[in-house]
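Here's the structure we're looking at; comments come further down.
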Amino acid sequence: MAELPILVTGGAGFIGSNLVDALIARGYAVRVLDNLSTGKRSNLPSVDSVELIVGDVADANTVRSAVQGCRAVVHLAAVASVQASVDDPVGTHQSNLVGTLNLCEAMREAGIRRVLFASSAAVYGNNGEGEPIKEETPKAPLTPYAADKLASEYYLDFYRRQHGLEPAIFRFFNIYGPRQDPSSPYSGVISIFTERARNGLPIAVFGDGEQTRDFVYVGDLVEVLVQALESSEVQEGAVNVGLNQATSLKQLLDAVGDVLGGLPEVSYQAARQGDIRHSRANNARLVQRYRLPEPPTGMRDGLAKLLGL
């Protein structure tokens, strides 16, 4: 079993490729399934222990072929843009929910049990805003993206109960780090701010800058994912991935300025409709089940790694 590959869907993307690097460093063989819509071949190491299948999780036959001979699956593939799901709910649904169902069926047929799933804090909607959000906080998805993520969680739980799958479900808050694409208008705010600051371009902040997010460096997330793969058992129930730390956008900009030695012009514009003002994870379950790096990567260290400094 130790020589069987781990399948990483979306493995050529931001989080996926960072995970692939960590798995290779630990001696695992890895198979990547990615349609390269946002992922890049150049994100993957050119080594014999990494196999890339260019294909879409929305295609059941492709998924069935990809899982053959694997020991476990990390399911990261998704159309991660909330706005894209609003503009094209039917198209994004194919990747974000049908893709998960395809994977569950393929794993059932192949007898593979362990699967890690990237869900999202978006499943909570505006519920719990202003205080650390617990996993038990009522769910209120506001977009097709969030609805598909929550429905995927329910399907994974069904396959756990009915067919013995071992899903480890993680609700990501704000993950940042190297290979996050700043050219996308839907990219994380950190990658956009750092790219513009590094190039001396003005930075626009939507709102007053006092809105807060719970940022996690991708390397810290990867450590948790590897633990979930290697654990002898997976406990039931989704897990928030956050640090229970609220960082305002103004504090983020101050940190970017510290790392780069200054900032270009910053302007404040009208807040975007529907934007959540405060998002912070209660991470008690995460800390109970997994070992976070001690201490977790701080904002300035994480920014320096992102910028290659």
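The values are calculated or read from the model by the stated rules, or taken from the named source; none is laboratory data. This structure is a prediction, so every number in the text was calculated from the model and none was measured. Methodologically, a virtual Cβ is constructed for each residue, glycine included, from the backbone with ideal geometry; neighbour enumeration extends over all protein chains shown. SASA here: full protein model, heavy atoms, side chains in, ligands and nucleic acids out. Shrake-Rupley method; radii C 1.70, N 1.55, O 1.52, S 1.80 Å.
Ordering of 238-249, 298-309 by packing is 238-249, 298-309, highest average first (other Cβ atoms within 10 Å, averaged per residue). Taking all Cα-Cα distances within the range 184-259, those exceeding 21 Å account for 42%.
Adding -39500 (n - 2.57) for every DSSP H run of four residues or longer, then dividing by how many residues the chain holds, sets the calculated 222 nm ellipticity at -10500 deg cm²/dmol. Normalised per residue, the accessible area of the range 1-129 is 41 Å², obtained with a 1.4 Å probe and no contribution from ligands, DNA or RNA. Taking every C-alpha pair closer than 8 Å and separated by at least 6 residues, the mean separation divided by the residue count of the range 1-72 gives a relative contact order of 38 percent. Using a 1.4 Å probe over the heavy atoms of the protein chains, calculate the carbon and sulfur portion of the accessible area of the range 42-136 as a whole percent. Heavy-atom surface of the range 42-136 belonging to carbon and sulfur, 1.4 Å probe: 47 percent.
In the range 110-244, inverting the average of 1/r over every pair of distinct C-alpha atoms gives 16.7 Å as the Kirkwood radius.
The loop-placed chymotrypsin sites (Phe, Trp or Tyr not before Pro) in the range 194-256, going by DSSP, include none that has at most 12 neighbouring Cβ atoms within 10 Å of its Cβ.
Entry note, the chain: relative contact order of 17 percent, from Cα contacts under 8 Å with a spacing of 6+ residues. Applying a DSSP loop filter and a limit of 14 other Cβ atoms within 10 Å to the trypsin sites (Lys or Arg not before Pro) in the range 1-86 leaves Arg26, Lys40.
Around Phe173, what is the net charge, scoring Lys/Arg as +1 and Asp/Glu as -1 over all other residues with Cβ under 11 Å from its Cβ? That works out to +2. Three principal axis extents describe the C-alpha atoms of the chain; from largest down they are 55, 42, 38 Å. Rolling a 1.4 Å probe across the protein heavy atoms gives the range 197-293 an accessible surface of 49 Å² per residue. Step through the table entries Lys40/Lys250; Lys139/Lys305; Lys134/Lys250; Lys40/Lys149, compare each Cα-Cα distance with 29 Å, and write down the pairs that go over it. Going by Cα-Cα distance, Lys40/Lys250; Lys139/Lys305 fall outside the 29 Å limit.
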